[in-house]
Amino acid sequence: MKYAVIGSTGLLGHHAARAIRAAGHELVLIHRPSSRIERLAYLNPEYRVADLFDHEALAQALRGIDGVIFSAGYYPTRPRRWQDDVSSALDLNSHFYAACLAAEVPRIVYTGAAIALPRHPQGEPGHEGLFYSSMPSWRNGYLLSKWALDEQAREQARSGLPVITAIPAMTLGEYDYGPSTGRMITAIAKGQMTRYVQGARNVIDAAEAGRGLLLALEKGRFGERYLLTGENIMLSELSAKIARQLDVPEPKPVSLRVVRVIAALGRVGYRLTGRLPLLNDTTIAVMAGGQFLDGTKAREELGFVAEQSLDKTLLRAIQWFRDNGYIDK
């Protein structure tokens, strides 16, 4: 089969591309001209250049493939109105879906986010059947963007597009050039994250998440969500594990109210100086919006079970950050 990945320079896209090659499929990387795509040359892919906002070029790049994994999701990085974040996120993915329709792509995986699911009303682990009855009340740009994109993916499937939503849990691992989720590791290592907001998490190894995305592409049912899960853990224990492996002081708990005040001050500072705050609304959403997750559906329908232990995931991720100069050796 010939499978494409959009967003392959990111953590999840890189590991999805690795999983495709490991399974013996042909790999197509669709990327912008400015992407650092040379990092994936070792996978011997076929390169196709297209900007996501160039409909003709993107549709042409998608032609002749058997499926595509879209992991170039919108991620707010600077303070602005939540309405602008939602608009930008939906606009980006709308161009992608329109190009898929024009190219008649037979299978599409949208890489979603677990924050798009509301918390289980009884406090049990979250599952794919949880939906907000209306727009979430928390006016957070990251949360609302991921909620809107989840709604959009299901609407595209209802309209007849072969869209499958695969939702990896909090992902840690190698090749996190951003870093994205791995910023938690680098921030603890550098003493930038000395506090955390207590909450529940599910953490999955990046290589396992990439394998799960491929399984969703191969076996997933159109219009369905699949949670790709690893280990349920409280953020206090996760941050302590990271700190112990780094041999640095463990972060201490802080209330969400205090963190929101700090973020508000950061927004003011950004407007005055243009300097991005270390603690922003996206970081707060990631810290405060988690829950334990139930991966039963992906296990039963896709045959996906994560096998890598969290301790080994952290060990390998920390070593990769050290080897690549993100943290001191």
Please work out the Cα convex hull volume for segment 79-165 and give it in Å³ per residue. 103
In whole Å, what are the Cα extents of the chain along the three principal axes, biggest one first? 52, 44, 42
How high is the relative contact order of segment 1-70? Use alpha-carbon pairs under 8 Å, at least six apart in sequence, and give a whole percent. 40
Could you tally the net charge around LEU149, taking each other residue with its Cβ under 13 Å from the Cβ of LEU149, Lys/Arg +1 and Asp/Glu -1? -2
Which entries of LYS2/LYS219; LYS146/LYS252; LYS190/LYS252; LYS190/LYS241; LYS2/LYS146; LYS241/LYS329 show an alpha-carbon separation above 24 angstrom in the structure shown? LYS146/LYS252; LYS2/LYS146
Treat the count of other C-beta atoms within 10 Å as a stand-in for reagent exposure and order SER35, SER137, SER255 from fewest to most. SER137, SER255, SER35
So for GLU155, GLU307, fewest C-beta neighbours within 10 Å to most, what's the order? GLU307, GLU155
Would you calculate a helix-derived [θ] at 222 nm for the chain, using -39,500 (n - 2.57) for each DSSP H run of n ≥ 4 and dividing by the full residue count, to the nearest 500? -13500 deg cm²/dmol
If I require 24 Å or longer along the helix axis, counting alpha carbons, and a Kyte-Doolittle average no lower than 0.0, what helices from the chain are left? Use full DSSP H segments. 82-103, 256-273
Scoring only Lys, Arg, Asp and Glu (+1, +1, -1, -1) among other residues with Cβ under 15 Å from the Cβ of THR229 yields -4
Tally Lys and Arg at +1 and Asp and Glu at -1 over the other residues with C-beta under 10 Å from the C-beta of LYS2: what net charge comes out? -3
Please give the peptides 58-71, 185-198 ranked by average Cβ packing (other Cβ atoms within 10 Å per residue), highest first, as a rough proxy for protection. 58-71, 185-198
Length-normalised contact order of the chain, Cα under 8 Å, at least 6 apart, in percent, tallies to 19
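Readers should treat all values here as calculations from the given coordinates under stated rules, not as data from a laboratory. Just so it is clear, the structure is predicted and the values come from calculations on it, not from any experiment. Virtual Cβ from ideal backbone geometry, glycine too; neighbours counted across all protein chains shown.
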